[in-house]
Amino acid sequence: MPAILGLSGLAGLLLLVEVLPYTGVVSADFLPPTHRIAAALVDEVAEGAFWSALWDTLVAWAVGLAIAVAAGIAAGIVIGAVPLLRALTASTIEFLRPIPSVAMIPLAVLLYGTEIQSTLMLVVYASFWQVLIQVLYGVQDVDPVAEETARSYGLGAWARVRYVLWPTALPYVMTGVRLAAAVALVLAITAELVIGAPGLGSRIAVAQSSNAVPNMYALIAVTGLLGVGINLAARGVERLLLSWHQSVRGEVLV
Amino acid sequence: MTNLLTRIGLALALPVVLFAAWWFGTEGSDNFYVPPLREILRTFPEVWTGERIRADVLPSLIRLAAGYTVAVFAGVCLGVLVGSRRRVRAVLEPVLEFFRAIPPPVLVPVIMLFAGIGDTMKVVVIAAGCVWPILLNTVEGVRAVDGVLADTCRSYGITGPARLRHLVLRSASPQIAAGMRQALSIGIILMVISEMFAASNGLGFTIVQFQRSFAIPDMWSGILLLGLLGLALSVLFRLAESRALAWYHGQRRAQRGLR
Amino acid sequence: GSSDSPSTPADEGSTKVTVGVIPIVDVAPIYLGKEKGFFASRGIDLVMESGQGGAAIVPGVLSGQFQFGFSNVTSLMIAQTKGVPIKVVANGVASTGEEGADFGGVAVRADSPIQSAKDLAGKKVAVNTLQNIGDTTVRESVRKAGGDPSTISFVEIGFPQMPAALAGGQVDAAWVVEPSLSVVKSQGGRVVAWNYVDAAPDLTVATYFASTKLMQENADLVRRFTEAMNESLTYAAAHGDEVRQVLGTYTQIDQKTRDAMTLPQWPTEINKASIETLATLGKNDGVFGDKTPDLTALLP
Amino acid sequence: MLLDVRGLKKVYEGRQRPVEAIRDLTFGLDAGDLVCLVGPSGCGKTTLLKCMAGLLAPTEGEVRLRDKRITGPPPGMAVVFQEYGRSLFPWMSVRDNVELPLRNKGIARRQRQDLVAQALAVVGLADAHHAYPWQLSGGMQQRVAIARAVAYQPDVLLMDEPFAAVDAQTRADLEDLIRDLWRKLGVTILFVTHDIDEAVYLGQRVIILSSSPTVVREVLGVDLPERRDQLTTRSDSRFTELRAHVYAQIQAAKRESMEILATFGRAGSGKSSRSQSEAKSV
Amino acid sequence: MLLDVRGLKKVYEGRQRPVEAIRDLTFGLDAGDLVCLVGPSGCGKTTLLKCMAGLLAPTEGEVRLRDKRITGPPPGMAVVFQEYGRSLFPWMSVRDNVELPLRNKGIARRQRQDLVAQALAVVGLADAHHAYPWQLSGGMQQRVAIARAVAYQPDVLLMDEPFAAVDAQTRADLEDLIRDLWRKLGVTILFVTHDIDEAVYLGQRVIILSSSPTVVREVLGVDLPERRDQLTTRSDSRFTELRAHVYAQIQAAKRESMEILATFGRAGSGKSSRSQSEAKSV
Ligand SMILES: Nc1ncnc2c1ncn2[C@@H]1O[C@H](COP(=O)(O)OP(=O)(O)OP(=O)(O)O)[C@@H](O)[C@H]1O
Ligand SMILES: Nc1ncnc2c1ncn2[C@@H]1O[C@H](COP(=O)(O)OP(=O)(O)OP(=O)(O)O)[C@@H](O)[C@H]1O
Ligand SMILES: [Mg+2]
Ligand SMILES: [Mg+2]
């Protein structure tokens, strides 16, 4: 049922793009109707180069995201649980966070050229903060009564993190991971686009500079669909891990 | 008073160490893209003169403020809708996720088709990027409203706007704040990105110009400024947050007895 | 001193050489040359990496990630004035020098009141990068036509977005290059100024360059690259149809546009006089700040 | 009949096996009744209350208020929840917590303030207006929840163990307060409690529920005089009789389904759990 | 002396004016004591318990355990919190909630499982192992919290109104369970309750606190026979005497500081709030 509803949403979007050029709001030259994008997509899919580009992008995305999430969670819990560390790092975090990854492109190219590492560097830098901030807020949200219960039963620092802090922060972490997943994808593609590292991004760049408009939109659509897929996966994981949480259990009952 | 001083001390300790490391680490640097920090600090006041701040930084900040405001408004409204109606969520989520995954640099040309190349476009780009963390967090916050409180409201006939104002928004506010805080730095990043297209002034534009014209110390000074801007905005945000969420922080602090 | 940059002589098998290029028409010769084996025969195993302009390519060349890069002349002169240790090693691409048949020009909409370069004064004109080759040469066009270039307001829009911006009326005119120029023309757009042609006869637009470090440490490789590059340029200049063919391998320009578009010139000689003109134009427009590019240091 | 519970059944469908909280309940409350509800822990009192408040949809049967089937929370009904701590808004001061439902009811500002101040004074929290709920002790929180219900001036008042967290003296005072309210304003009250004395002292009738699967075990009329008083009523011999009767009933209700607890509660923790569950299934 | 409370004072510093929850408390518990603590709602019982559990730093004075000052939660101490609902982890099943402290104590798997099953059976929840806390009724949740403390086999057990949400019969059973545990295992128990009968029935001594600002009002030795029994003990005339005494004490404690509540609770909601606060300040 939700699947059908979800598809209907996407179908609405497709329909909108199909009719938009006919309304005269935009020219079909610049935003082609859905069927032409779809035709271009069919052409793309037939090419081996498309699949290797897709693979490259996915590898950069997955590796970058994994590093960012692992680092973000670890750092977030350590910093969040130790007030002194929190006070010490707050200003630095706030300083580093708004520095755009795009500004670091020369640095990345300088260090790694167009190798996957430079894409990774940008991906990790951008998505790390998303996870970190969410974890910090999650750690702060621990119910004091639950925390006190754990302490009074002599649960050590590690056990408290494992059994109290982590489950409380989990909903925040899930949001953080979902945010980071999209940001990682965005940055992977942006990096490829600008630096020219192989992947969907550099294919988009080529399509753009070649004025192959339908192909460009086809590739953008692939990016978007990747995002939809990633979110589906994240929701699945969430249902599995957070079945106890108000946000999930509330929906089963009512 | 001493409390405030220690807090300032703590806030400054790590940055001082890092800057010292940067300073000594790059002191003898002959790498063209990694100039000595001394060089960067020397260019800083030369580059960011009063005139530049008026002509470039200010317009950027105004666009940032506009975009951020739009994002907060749209994110919270949409988030409440999507979070409280399961049907709506099922329909909208895939579409939203679709757009969320599209990188701003490829989205900008599409936005330009509709919003032109002026400030509107830049505000839209900033808003379109900032809205995600706010939206996602609002959705999650709204979904997690405590069942007993929800029942309390229902039984006292607190419904509609009153329920929204007194229950849903307040209870989701810690999570909304988390989203808004995320969005703040993303807004700065998008401010830069939006000014890479069809711009003729702005902080991001200036930094990109420096980068393109190989004025590397100037570029670094711009990055420094971005960091400082982020820091300043986050301090402001914290102040606002600690007022708006006084009950929340108070509750956590009060019940966390020792220390 | 010692270095890890490739230094294998030709007779000991081939050297892997990475070149940072922009995936546009201008670099067709290097792709064609690779296909024809001009590089392989000189012991160069060529790899092309595509970036979006100088911000991505210059640091790669400096750090040794790329051995060579492709960039427009004005950008290189800016880099030179800022002390970036690079040097031109081969010609890249040049204007055709023909009014009405160049690969880039200032286009307006079919119904635009703008009839000549003079009318651009006071208008909003799109260029791909501000303070670079585009706006300096467009100003020169206007100046030569008797208009006041200082009243033009330039905005930065990527070439691919220009047709839409022009059609949507967001700019009055746009400096477009191929293949976007063909798109504009196919929509009825008119070219009102040929800025490359107006700036200097047979203007050298872009070149290949290397870091001075590489030139010192591996002069032999640079020499071989230059030779191969020159052979490629010559071949490309003579075989337009093969150029149009090779475009299909690294761009997605469709067949129709490829056949219709105007190709640039690919001479092997760097037109020093035209570069001097560009330097003067740039200096007058303040592109180099208060410095003057040292062409003897930059050019071979 | 004001409130009418007919053939009510509630099954919680969960991820695991469904839990039958209530099997079949039928009873009614006339306008102006004060009825107490007692029953073993976990027998479904809270569930029943939520169904009556229109917060939970019954699996079978229905609840009717003034002959209209209840499908959502009806106006003019106030509920004091068992989870008093969680039913207060942590972001509002005590006063705002009490005032919110009134504001929603459209009562004028001045009158609202009077009502709030009065209700808080009556539960002994006259000086806690500006505190947040989490700055209060458990009993104080519970009294805020009571004050909120009282200030709301409902027609029907459902209370779920409202005095569980307050001390004996305060409890006695609050009991008198409830009877006072009831007598003066004619509110219809359904009062869930575990305290048998309290049930007998307060109610006109006491409904005794069986343990799960839940049915009505007995409806006991309390034939004590209308005017009750902590000292005299409680030392009345009829009171003691009634109280003993209710106790016996509850004891029996529990015995029937939970023989084991009794044995083990007394015998301490001797045997392994295996043998216990065996014992139970026998 | 096992547990020693000396000159304890606790002031909550808030954004608003500070709240003096406890003024000055001094008393002690010997090893193997079973002491009940009663006092008016809001007098600081929970605060005291938290200080004794090392969860809250006293403003003045100290709590010593085996002559060592308590600065954090000491090992071998279990606490049953008044906010039972929130003290259970919603992400764990009932069994896991009870098992967690044991796992942390390093008890072997098999034994752990036995302990958990036994503790749950003893509180009458033998069939709720796999449920989540939020699927249970209030009383059941409270019993899970008790089971957790019992399974932990602590040396010192602090309980904050642990039976507030369970029915009379279960309550009686649990009272006997606690006395059983205490006699068999020699646990030292401090038991906060509002039920005066319960305090007298359970304790060796009953500590009566004054209302806020809190001091010890009386420490009452309970000279009932060691073997107690719900039926005989409660009908003992000495029991009735003791209970009346405690009741009078609490009543007096409350009267002293809260004259108004009593008057208003009885008089109903007649006068405006203004006059009430005036009445108080007089
Ligand atoms: N959300 C739920 N999901 C599944 N089962 C539930 C849920 N809520 C309650 N139950 C079950 O329904 C039964 C009745 O619960 P209820 O809360 O109504 O009992 P109660 O009579 O109020 O008990 P108490 O006196 O202990 O508060 C219990 O067995 C409980 O486990
Ligand atoms: N976090 C807090 N901040 C400020 N004041 C508090 C806080 N916690 C408790 N208090 C105050 O301290 C006093 C004692 O509270 P405490 O919870 O210890 O009472 P109690 O004896 O347990 O009451 P009850 O029997 O109602 O549970 C109360 O007046 C309460 O308002
Ligand atoms: Mg209940
Ligand atoms: Mg308490």
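The values are calculated or read from the model by the stated rules, or taken from the named source; none is laboratory data. Small disclaimer: the values here were computed from a predicted structure and weren't measured. Heads up, the Cβs are rebuilt from the backbone with ideal geometry, glycines too, and the neighbour counts pull from every protein chain shown.
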Legend entry - Failed criterion for D:Ile146 (all others in (1) within 16 Å of ligand 1 (Cβ to nearest atom); (2) within 20 Å of B:Asp151 (Cβ to Cβ) hold): (1)
Inset, instruction - Under 7 Å between Cβ atoms, at least 6 apart or on separate chains: pull out the pairs that start in region E:125-147 with a residue that is more than 7 Å from every other protein chain (Cβ to nearest Cβ) and end on any residue that is in a helix (DSSP H, G or I) and within 16 Å of ligand 4 (Cβ to nearest atom). - result: E:Gln141/E:Tyr84; E:Gln141/E:Gly85; E:Gln142/E:Tyr84; E:Ala145/E:Tyr84; E:Ala145/E:Ser87
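Conditions tested, residue by residue: (1) assigned by TED's automatic domain parsing to the domain that holds D:Phe191; (2) farther than 29 Å from D:Ala165 by Cα; (3) surrounded by 23 or more Cβ atoms within 10 Å (Cβ to Cβ); (4) touching a Pro at 6+ places or on another chain (Cβ under 6 Å).
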site: D:Ala21; (1), (2), (3), (4): yes, no, yes, no
site: D:Thr26; (1), (2), (3), (4): yes, yes, no, no
site: D:Gly32; (1), (2), (3), (4): yes, no, no, no
site: D:Gly44; (1), (2), (3), (4): yes, no, yes, no
site: D:Asp67; (1), (2), (3), (4): yes, yes, no, no
site: D:Thr71; (1), (2), (3), (4): yes, yes, no, no
site: D:Leu102; (1), (2), (3), (4): no, no, no, no
site: D:Ala108; (1), (2), (3), (4): no, yes, no, no
Legend entry - Members of region A:145-159 that are away from chain B (no Cβ under 13 Å) and in a helix (DSSP H, G or I): A:Ala157, A:Trp158, A:Ala159
Legend entry - Test: B:Ser194 is surrounded by 19 or more Cβ atoms within 10 Å (Cβ to Cβ) and in contact with an Asp or Glu (Cβ under 7 Å, 6 or more places away or on another chain): no
Legend entry - Near pairs, Cβ below 6 angstrom, 6+ apart or cross-chain, from region B:27-39 (more than 8 Å from every other protein chain (Cβ to nearest Cβ)) to any residue that is among the aromatic types (Phe, Trp, Tyr) and assigned to a helix (DSSP H, G or I): B:Leu37/B:Trp22; B:Leu37/B:Trp23
Legend entry - Qualifying position, being within 14 Å of chain A (Cβ to nearest Cβ), farther than 30 Å from A:Val213 by Cβ and part of a helix (DSSP H, G or I), among B:Val95, B:Val82: B:Val82
Inset, instruction - Output the residues belonging to region C:144-178 that are over 18 Å from C:Trp194 (Cβ atoms) and among the hydrophobic types (A, V, I, L, M, F, W, C). - result: C:Val155, C:Ile157, C:Ala164, C:Ala165, C:Ala167, C:Val171
Legend entry - Residue match in region E:55-69 (condition: under 18 Å from E:Pro213 (Cβ atoms) and within 16 Å of ligand 4 (Cβ to nearest atom)): yes
Legend entry - Residues of region A:10-36 that turn out to be touching a residue at least 40 places away in the same chain (Cβ under 8 Å) and away from chain C (no Cβ under 14 Å), as a count: 1
Legend entry - Residue list for region D:147-168, restricted to those being surrounded by 24 or more Cβ atoms within 10 Å (Cβ to Cβ), away from ligand 4 (no atom under 16 Å from the Cβ) and of a type in the set (Val, Ile, Thr): D:Val150
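Identify all residues within region C:131-167 that are within 14 Å of chain A (Cβ to nearest Cβ) and among the hydrophobic types (A, V, I, L, M, F, W, C); write none if there are none.
Correct list: C:Ile157, C:Phe159, C:Met162, C:Ala164, C:Ala165, C:Leu166, C:Ala167.
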Legend entry - Among the candidates D:Gln251, D:Gln204, D:Gln153, D:Gln230, residue that is of a type in the set (S, T, N, Q) and within 16 Å of ligand 1 (Cβ to nearest atom): D:Gln251
Inset, instruction - Taking only region A:201-243 into account, find how many residues are under 26 Å from A:Leu7 (Cα atoms) and not in a helix (DSSP H, G or I). - result: 2
Legend entry - Among (1) over 14 Å from D:Gly39 (Cα atoms); (2) buried (at least 22 other Cβ atoms within 10 Å of the Cβ); (3) of a type outside the set (Gly, Ala, Ser) - the single one D:Leu181 does not satisfy: (2)
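Residue-wise test of (1) modelled with pLDDT of 85 or more; (2) part of a helix (DSSP H, G or I); (3) over 20 Å from A:Asn211 (Cα atoms).
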| site | (1), (2), (3) |
| --- | --- |
| A:Ala3 | no, yes, yes |
| A:Leu7 | no, yes, yes |
| A:Val26 | no, no, no |
| A:Ala38 | yes, yes, no |
| A:Val42 | yes, yes, no |
| A:Phe50 | yes, yes, no |
| A:Ala53 | yes, yes, no |
| A:Val59 | yes, yes, yes |
| A:Ala62 | yes, yes, yes |
Inset, instruction - Could you tell me whether any residue of region D:172-182 is more than 10 Å from chain E (Cβ to nearest Cβ) and within 16 Å of ligand 4 (Cβ to nearest atom)? - result: no
Inset, instruction - Spot the failing condition for D:Met159; the list is (1) more than 9 Å from chain E (Cβ to nearest Cβ); (2) within 13 Å of ligand 2 (Cβ to nearest atom); (3) under 16 Å from the mean Cα position of the chain (by Cα), and only one is missed. - result: (2)
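Yes or no, residue by residue, for (1) more than 24 Å from E:Glu99 (Cβ to Cβ); (2) modelled with pLDDT of 90 or more:
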{"position": "E:Ile146", "(1), (2)": "no, yes"}
{"position": "E:Leu157", "(1), (2)": "no, yes"}
{"position": "E:Ala165", "(1), (2)": "no, no"}
{"position": "E:Gln169", "(1), (2)": "yes, no"}
{"position": "E:Leu181", "(1), (2)": "no, no"}
{"position": "E:Ile207", "(1), (2)": "yes, yes"}
{"position": "E:Arg228", "(1), (2)": "yes, no"}
{"position": "E:Thr233", "(1), (2)": "yes, no"}
Legend entry - Number of the condition not met by E:Glu218 [criteria: (1) assigned to a helix (DSSP H, G or I); (2) closer than 25 Å to D:Gly138 by Cα; (3) more than 13 Å from ligand 2 (Cβ to nearest atom)]: (1)
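Sort out which residues of region C:254-279 are assigned to a helix (DSSP H, G or I), buried (at least 16 other Cβ atoms within 10 Å of the Cβ) and not aliphatic (A, V, I, L, M), and write them in order of number.
C:Thr257, C:Arg258, C:Ser274, C:Thr277
Looking only at region C:289-298, count how many residues are part of a loop (DSSP other than H, G, I, E, B) and surrounded by fewer than 20 Cβ atoms within 10 Å (Cβ to Cβ).
5
This table checks each residue for (1) buried (at least 24 other Cβ atoms within 10 Å of the Cβ); (2) at the interface with chain A (Cβ under 8 Å from one of its Cβ atoms); (3) modelled with pLDDT of 85 or more.
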{"residue": "B:Val131", "(1), (2), (3)": "yes, no, yes"}
{"residue": "B:Val142", "(1), (2), (3)": "yes, no, yes"}
{"residue": "B:Leu149", "(1), (2), (3)": "no, no, no"}
{"residue": "B:Gly157", "(1), (2), (3)": "no, no, no"}
{"residue": "B:Ser185", "(1), (2), (3)": "yes, yes, no"}
{"residue": "B:Ala215", "(1), (2), (3)": "no, no, no"}
{"residue": "B:Leu229", "(1), (2), (3)": "no, yes, yes"}
{"residue": "B:Ala232", "(1), (2), (3)": "no, no, yes"}
{"residue": "B:Ala240", "(1), (2), (3)": "no, no, yes"}
Legend entry - helices (runs of 4 or more DSSP H) lying entirely in region C:182-243 (those with 1 or more residues that are basic (Lys, Arg)): C:212-217, C:219-238
Inset, instruction - State all residues of region C:28-60 that are touching a residue at least 60 places away in the same chain (Cβ under 8 Å), in a helix (DSSP H, G or I) and crowded, with 24+ Cβ neighbours inside 10 Å; if no residue qualifies, say none. - result: C:Ala28, C:Pro29, C:Ile30, C:Gly33
Inset, instruction - Mind checking which helices (runs of 4 or more DSSP H) fall wholly inside region A:82-144 and carry at least 3 residues that are within 14 Å of chain C (Cβ to nearest Cβ), crowded, with 22+ Cβ neighbours inside 10 Å and touching a residue at least 60 places away in the same chain (Cβ under 8 Å)? - result: A:105-112, A:116-140
Inset, instruction - Please go through region C:230-257 and pick out each residue that is at pLDDT 85 or above and of a type in the set (D, E, K, R). - result: C:Glu231, C:Asp241, C:Glu242, C:Arg244
